[in-house]
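Only one structure is covered here, and it is reproduced in the block below.
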Amino acid sequence: MFKRSDESLIEKAIGGDAKAWQQLVSRYQAPLYYFGLRLLGSPDDARDLLQDVLMVLCRNLAQYRGDSSFKSWLFGIANYRAMDMLRRRKATTEFTDDHDFYDDEAPSFEQQLYGQHTQRLVQQQLRSLPPEQRLVVELRFYQQFTFDEIADQLALSSNTIKSRFYAALDKLRTQLELTDVEQSANF
């Protein structure tokens, strides 16, 4: 099946093509939701962020100039809105442990338990990072942006982004090592 480029979908959507608009939304709906879920820690907040970003997109699609990729522009909007939500909230919301965020293709029961435990542990550790570091980790690992693309989105230098990223990795590594030691001591 032929996959249209973002630019052709944008052009058609601006021209009033509802099908092109729906294709554009469908293409980015899940990545935006999971971006919000990992960054904000709550399915409700992730849905609110998704709705907010899509409303901004609907109102401002014609203002996309193509200076960067559409994905980068769209996640720049999501970054700004998510950070605004975090600032307004001031304290991070507890991440719900009873929600299964990832659908695996028929893993064994042991793999499911280990995978769910690992996902929860990583998400828990990510929530403990400062929002600026969490955002960089999210954009680099989950959205697969380059350091330069992240720097453009956040209007910061690449060196600042790299510094935040590696500081976050060091914190995560230390926290995960401490967790492993604590779990080993409990056996």
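The values are calculated or read from the model by the stated rules, or taken from the named source; none is laboratory data. Source: prediction; values computed, not measured. No Cβ is skipped: glycine too gets one built from the backbone with ideal geometry, and neighbour counts run over all protein chains shown. Just so you know, the surface numbers come from the protein's heavy atoms only, side chains and all, with ligands and any DNA or RNA stripped out. Shrake-Rupley method; radii C 1.70, N 1.55, O 1.52, S 1.80 Å.
Can L50 be described as within 29 Å of R127 (Cβ to Cβ), in a helix (DSSP H, G or I) and either open to solvent by 20 Å² or more (accessible area, probe 1.4 Å) or at pLDDT 90 or above (or both)?
Values: within 29 Å of R127 (Cβ to Cβ): yes; in a helix (DSSP H, G or I): yes; either open to solvent by 20 Å² or more (accessible area, probe 1.4 Å) or at pLDDT 90 or above (or both): yes.
Yes; evaluated as a whole, the condition is true for this residue.
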Test set (1) at pLDDT 85 or above; (2) open to solvent by less than 70 Å² (accessible area, probe 1.4 Å); (3) more than 19 Å from V53 (Cα to Cα) - Q143 fails condition number
(3)
Conditions (1) crowded, with 17+ Cβ neighbours inside 10 Å; (2) over 23 Å from Q153 (Cα atoms); (3) at pLDDT below 90 -> L39 fails only (2)
Could you identify the single residue in D98, D148 that is modelled with pLDDT under 75 and of a type in the set (D, E)?
D98
Scanning segment 1-33 residue by residue, those of a type in the set (V, I, T) and open to solvent by less than 80 Å² (accessible area, probe 1.4 Å) turn out to be I10, V25
Please tell me if A30 is among the aliphatic types (A, V, I, L, M), more than 16 Å from D84 (Cα to Cα) and without any contact (Cβ under 8 Å) to a residue 60 or more places away in the chain.
yes
Candidate set: segment 140-179, residues that are outside any loop (DSSP other than H, G, I, E, B) and among the hydroxyl-bearing types (S, T, Y); chosen: the one nearest to the chain's Cα centre (by Cα)
Y142
